[in-house]
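Notes follow the structure.
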Amino acid sequence: MVDAFAYVPAVVLLPFFSFLVALGAGKYLPKGGAFGGIAATAGSFLLSLWIATAVAGGRAYNETLYTWAAGDQFELTFGALIDPLSALMLVIVTLVALLVHVFSLGYMNDEGETGLPRYYAGLGLFTASMLGFVVADNLLMAFMFFELVGLCSYLLIGFHFREPGPPSAAKKAFLVTRFGDYFFLVGVVAVFATFGTAAFAGEGSFPALAEAALAGSGDVWTPGGLELQTWLTVVGLLVLGGVVGKSAQFPLHTWLPDAMEGPTPVSALIHAATMVAAGVYLVARMYGFYVLTPTTLAVIAFIGGFTALFAATMGVVKDELKQVLAYSTISQYGYMMLALGAGGYVAAVFHLTTHAFFKALLFLGAGSVIIAMHHNEDMWDMGGLKAKMPVTYYTFLAGSLALAGIFPFAGFWSKDEILYEALVHGLNEPLLLGGYLMGLLAVPVTAFYTFRMVFLTFHGEPRSATARDPEPVRWNVKGPLSVLGTLAVVTGFINMVPVQKVLGLEGIDYLHRWLDNEWGGIEGLSSHHYADLGPYSSGYIAGGEVPTVLVGAAVSLGLALAGLGLAWRLYNVASPTEHTAKLGGIKDVLYNNYYLDELQVWIAYRTEDVAGGADTFDQGIIDGVVNGVSSVSLLGGSRVRRIQTGLVTQYAAMLTLGLIALLVLLGVNGGWFL
Amino acid sequence: MILEALIGFTFLAALVVLLAPNAWAGRLAFALSAVPFAGSLYLWSQFDAVGNALTGGTIAFESRYEWVEVGGRTVSWFVGLDGISLPLVVLTTFLVPLAILSAWTPVDSRQSQFYGLMLFMEANLLGVFTALDFFLWFVFWEAVLVPMYFLIGIWGGPRRKYAAIKFFVYTNAASLLMFIGFMSLTFALGDSIGSLALPEITQALADGGLETWFGISPGRMAMIAFLAMFAGFAVKVPIVPVHTWLPDAHVEAPTPVSVLLAGVLLKMGTYALLRFNFTMLPEQASTLAIPIAAIAVISVIYGAMLALAQKDLKRIVAYSSVSSMGYVLLGLVVFTEYGVGGATFQMVAHGLISGLMFMAVGVVYNATHTRMVGDMAGMADRMPVTVGILVAGAFGYMGLPLMAGFAGEFFIFVGAFGAPSLPYAPVFTALAMFGIVIVAGYLLSAMQKTLFGPFRLETDYEIGPAPFHDVAPLAVLLAAIIVLGVAPDIFFEMIRDAAMPVVEGVSVDV
Amino acid sequence: MVPAQWYLILAAGIFCIGLFGVLTRSDALYFLMSVELMMNAANVNFVAFSLYYGDLTGQVFALFVIALAAAEVAIGIGIILVLYRNFGDIDVTVPTEMRW
């Protein structure tokens, strides 16, 4: 039998080849190389499914495949780590990538875009990098592909480079994430210095070494006699810097709304479903390390909860379809971070999965609307599209219900589990409880802006000429939407924990069992193991587990319905008006994103001022000294040469004087005058 | 004999090209410069040295003839290669043909002299990287300046004379300082050496051969020599605050000369620092570890900040070279396998990447006749391939993984962070690493302003794609950068082998 | 025999007269003559010491100096001619073209 794991490199390399083909020969191929990309991602998707089946068959894979630098001090390697987590992520990434490639046929090719080979090359390279990141078996490899993913994001956001906006947004995206990646890189280097390895899994992996060292049975390096627990917290927070940057968490989230300058399929693939997920995935990947440091977990939870609420409030006032989705993305990743910080490893992965599908769906749906609206994204120009584009409407609605967390759509299950985990663990942990409350507050806000978006776009009367006569979309748009729409409805059923707990059914929490290595996996990388290591204990309200589950679910569902209801009242009318004026001064603050962009621009300008000062200093003082030495020499020379009068008699006189001086000197030394 | 053949052929080629007619001097020079490259590839394939040439390792292609005897010291023709010098020899012979190719478009007068001087410089550079006798090495070291002076002074920009004289005087004065430092060291060694061969001197120093000389105690002598040589080489590298000749020289030099200046000449300084200061006097180096590391960090951050303030594309790349060389210094001073090895690797990587950047900026300049950031916009529209490679090169400069720059920088960082011989190593390393954010800042904003957005440039002629012979060297360089980034061990393995003895020169109590 | 110091005093006297001429005169011809005087002072010394030591080498040297002086006059007169042609004068303080 052929081993599925032997094809792990192929999963990564297939899209890479499609990148090479599109780059080298894209302009000679039909559709600008799109079919190569579709074939490659389809191949990767099938291989991923096969690999997932192999994992389900009770096996796992953790091999070093290539030695990058074989030093004695550290060995830097590339390898593949296939366990339930990465197998799941492989399937998600390849599936979304495949659907986005197909969708691009409709969004890019049919719309007559130029530069398609570059576009498909970018998508191919992105998919390859992302898959490389997913299968990475050590932190260094993860970092390297993390950066490549950032490059692709830069290239694709700046796809329309002839306009002024996209290059600027691309720069911002790369720079802001780079700022986070700086901390990540310091973290990687620190992990190497501390443990001598960066492997994720196995006996000699750094989470295992850290665990052993904390238990007292192992010795690791710490700088300057720092206490081990403190140092591990510092390392964890450093790596977290990269996560905050890529997963667009506060305060490094500002790049993501700007990244909407990129083509919409790119937004769906990169800025919703996969790249932004990289940060969260990384935390999940090295969760065995994070659970060892309670402070880091608390920070993660707090950042996550805060971001969830913070981003949701900004989504309320946006006018453009993709902007609303961008802020909802930030907010949803905040939930995942909250889950991870709260010890809800499975809940985070669950939300990662459901979110990947419903957010990709929403973005592609938005893309479909944008095609129909001739690239006008302002929701106030839309309205009444429900009748004109039913497929888009119903799939978009499914995605919106999932996003708002309405029973029984996918988002409900995952969001509910996150809040439940945060609640039960937070009852003994005040910081976590704060995160929970912020996450809970974000629920009605999310439902509100989601349905404000739906109602403005699809309901009511058309508010512009294009909305009255939208451009039709083809199969290549409807197909992906239908697939994702179905997934947005059903994905939640893979992990119905509340149902299991309330009804006492056993074994329908498939994702829990999957991530707990029940079918197969790697020792030490299971949710069970993480829970044992983690610092949290559970507390319950209303006397016991089942009531807590019910109360928690009821509260979050009730809040979501309340938000939906408010949106219904305000915006589900024939010709809705802006109600944002009621918010008064807050509206401006929200509309300007709490002036955080201004703050970052201000920082950038101040940095430039400092640079200018440094330049003045360099030219004036440092180079001034150099030129000063030169001027002093020249000046001295020009003074001294005046001795050279050109008068022979003076030369002779000087000669004589010199002779006499010499004689006197000799005489004094020789004692003639004594 | 093969090294003599390599250097001799290059000298001969320089002479032939100098006498050739201007019309086909460029093509002839390119053809002739391919031969040393082929030769260096042959050297690479036959390379069998183990260890460091200075600390008693086996020397590849060793060849030694006595020349003269002065004051009880034999001066000899003594050349050979080890794992540190071979990559630099390959880098030199690889960059020169590409630089010559990139000169075809911009150099339009006195071509035979231009290419002759380029080849003459290559021959001397090869001499610097292969010589193992101090006297011989010093002759080559100084002789490199001469063609450089003329190349900047004749074919340079409007302020070429100022730049050429500044470059020459500054680096020459520094050489003098270094020469005095080193010679007093050899005098203080007294009878423990019988020649000026570098391995012998290194051995004698390691064995404690320094004697009291003119009332200067051995420890003090070594420290004085270390400081004098450090100051001398620092100018060549260049390290803040003795870096100001570099931007002027780069801005005025024609593109191909900038390529060699940044790609190879700067590496002479770091190579010499490694060979002399850090291999011969490791104790002094580790005594001074904190100030040196501080200088390195300042070079990185300060150089990057200066680059941020520049408007001239060439000046940006020039200052970022200062920044990158700071990493090399940091790698050297930590005395770990990855630190010293990474520093050597970074020399090669930076040689390729800065060469690529200067060349790409030059190709854009050929078309636009301006390098000012504010003067043009949207060049990607007119020169897609060139701009594509320029963007790739810029990302290489920013340390994008799987390109050579990342490998070099990461090796240095990972080697430096936990270095036992440098106090506060994590702090220094983390500070230096912030350079990767600033470098992204200035390169991205420069690219955004010049390459993207709507096309804008006031010219009375049409700007189209660059000719093939301009783009081909860019593509070749990019390919080399990626190959080295994906498989750094093709050089890094031999570098590590040669760096280990240097590292072992410092004993640390962990 | 006349003691050596008398010759030396004579030679020093002649030399000083020559030196005085060089320092005070500005006419090129006087220059030339003064230089001749100084050379002859040296000649006197050569001959005196030759006599004193009983060695003929000094006298041979004196002959050499005389021959050289003749050659020098030839060149000197030539230079003076050029001076006159270019500056219309043989005053050595006039041509100062070569100063800084």
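The angle between the Cα long axis of helix C:4-24 and the longest principal axis of the Cα atoms of chain C comes to about 0 degrees, rounded to the nearest 10. Put simply, the convex hull of the Cα atoms in region A:402-522 casts, on average, a shadow of 11.7 nm².
Once the Cα atoms are used to define both axes, helix B:435-451 deviates from the longest principal axis of chain B by about 20 degrees. Computed about the Cα centre, the dipole magnitude for region A:445-596 is approximately 780 debye when only Lys and Arg (+1) and Asp and Glu (-1) carry charge, each at its Cβ. Any chance you could tell me what percent of the C-alpha pair distances in region A:585-643 go past 14 Å? I get 73 percent for the Cα pairs in region A:585-643 exceeding 14 Å. Computed over all pairs of different Cα atoms, the Kirkwood value for the hydrodynamic radius of region A:175-255 is 13.3 Å. Averaging the sequence gap over all C-alpha pairs within less than 8 Å and six or more residues apart, then dividing by the number of residues, gives region A:294-578 a relative contact order of 26 percent.
If you look at the Cα atoms of region A:550-674, you get an Rg and a Dmax of 43.3, 125 Å.
Classify region B:342-415 as rounded, prolate or oblate from the Cα gyration tensor: take a ≥ b ≥ c as the square roots of its eigenvalues, call it rounded if a/c is under 1.5, otherwise prolate when a/b beats b/c and oblate if not. Prolate, because a/c is 1.5 or more and a/b exceeds b/c.
Geometric descriptor of region A:75-128, per residue, is 72 Å³ (volume of the convex hull of the Cα atoms).
Straight Cα distances below 19 angstrom link A:Lys587 to the aspartates and glutamates A:Asp319, A:Glu320, A:Asp378, A:Glu578, A:Asp597, A:Glu598, with same-chain residues fewer than 8 positions distant left out. Starting from a Cα-only point model with no solvent, please compute log10 I(q)/I(0) by Debye for region B:121-192 at q = 0.15, 0.26 1/Å. Debye curve over Cα of region B:121-192, log10 I(q)/I(0) at q = 0.15, 0.26 Å⁻¹: -0.59, -1.12. Using only Cα atoms, find the angle between the long axis of helix A:410-426 and the longest principal axis of chain A, and express it within 0 to 90 degrees, rounded to the nearest 10. Approximately 70 degrees, to the nearest ten. Our summary gives chain B a relative contact order of 16 percent, counting only alpha carbon pairs under 8 angstrom and 6 or more residues apart.
Placing unit charges on the Cβ atoms only, positive for Lys and Arg and negative for Asp and Glu, gives region B:2-507 a dipole magnitude near 1320 debye about its Cα centre.
The spread of Cα positions in chain A, taken along each principal axis and listed from longest to shortest, comes to 126, 69, 57 Å.
The relative contact order of chain A, computed from alpha carbon pairs under 8 Å that lie at least 6 residues apart in sequence, is 13 percent.
The smallest convex shape that holds all Cα atoms of region A:1-107, its convex hull, gives 130 Å³ per residue. Rounded to the nearest Hz, the phi-derived 3J(HN,Hα) couplings of region A:258-273 under the Karplus curve 6.51 cos²θ - 1.76 cosθ + 1.60 (θ = phi - 60°) are 5, 5, 5, 5, x, x, 4, x, 5, 4, 5, 6, 8, 8, 9, 8, where x marks glycine and proline. Hydrodynamic analysis of region A:294-578 uses the Kirkwood radius over alpha carbon pairs. Inserted into Stokes-Einstein at 20 °C and 1.002 mPa s, it gives a translational diffusion coefficient of 111 µm²/s. Placing one equal scatterer on every Cα of region A:34-187 and applying the Debye formula, the log10 ratio I(q)/I(0) at q = 0.10, 0.11 Å⁻¹ is -0.44, -0.52. A run of chain B free of exposed loop cleavage sites, with chymotrypsin sites (Phe, Trp or Tyr not before Pro) counted only in DSSP states other than H, G, I, E and B and at most 12 other beta carbons within 10 Å, reaches its longest extent at B:215-460.
Across all directions, the average flat footprint of the convex hull enclosing the Cα atoms of chain C is 7.5 nm².
Summarising the overall dimensions of chain B from its C-alpha atoms, the Rg and Dmax are 21.9, 72 angstrom.
The share of Cα pairs per 20 Å bin across the protein assembly as shown, counted from zero up to the longest distance, runs 10, 33, 29, 16, 6, 4, 1, 0 percent. Here B:Glu62 and B:Thr212 are evaluated by their C-beta separation; at R0 = 30 Å the FRET efficiency comes out at 0.30. Ratio of Rg to Rh for region B:413-489: 1.18 [Cα atoms; Kirkwood radius as inverse mean 1/r over pairs].
Within a straight-line Cα-Cα reach of under 29 Å, B:Lys161 can be paired with the following lysines, leaving aside sequence neighbours fewer than 8 residues apart in one chain: B:Lys236, B:Lys267, B:Lys311, B:Lys314.
Relative to its residue count, region A:147-207 spans a Cα convex hull of 71 Å³ per residue. With a 10 Å cut-off around each Cβ of B:408-420, the average count of Cβ atoms from other chains is 5. Between B:Asp375 and A:Leu647, the distance separating the two model label sites (each 7 Å from Cα on the Cα→Cβ line) works out to 5.4 nm. If you find the alpha carbon centre of region A:608-634 and of region B:93-170, how far apart are they in angstrom? Computed from Cα coordinates, the inter-centre distance equals 27 Å. Roughly speaking, what is the centre-to-centre gap between region A:76-147 and region B:26-79 when only Cα atoms are used, to the nearest Å? Distance between centres, Cα-based: 47 Å. Excluding same-chain neighbours fewer than eight residues apart, the aspartates and glutamates reachable from B:Lys166 by a Cα-Cα span under 20 Å are A:Asp615, A:Asp618, A:Asp623, B:Glu142, B:Asp248, B:Glu252, B:Asp312. Helix-only arithmetic for the protein assembly as shown: the sum of -39500 (n - 2.57) across DSSP H runs with n ≥ 4, divided by the residue total, places the mean residue ellipticity at 222 nm at -23000 deg cm²/dmol. When the GluC sites (Glu not before Pro) in region A:168-253 are filtered for DSSP coil states and for at most 11 other beta-carbon atoms within 10 Å of their beta-carbon, the remaining sites are A:Glu203, A:Glu227.
Quick note: the coordinates plus some simple rules give every number you see, no bench work behind them. Quick caveat: nothing in here was measured; it's all calculated off a predicted structure. Positions of Cβ are backbone-derived with ideal geometry, glycine not excepted, and every protein chain shown enters the neighbour counts.
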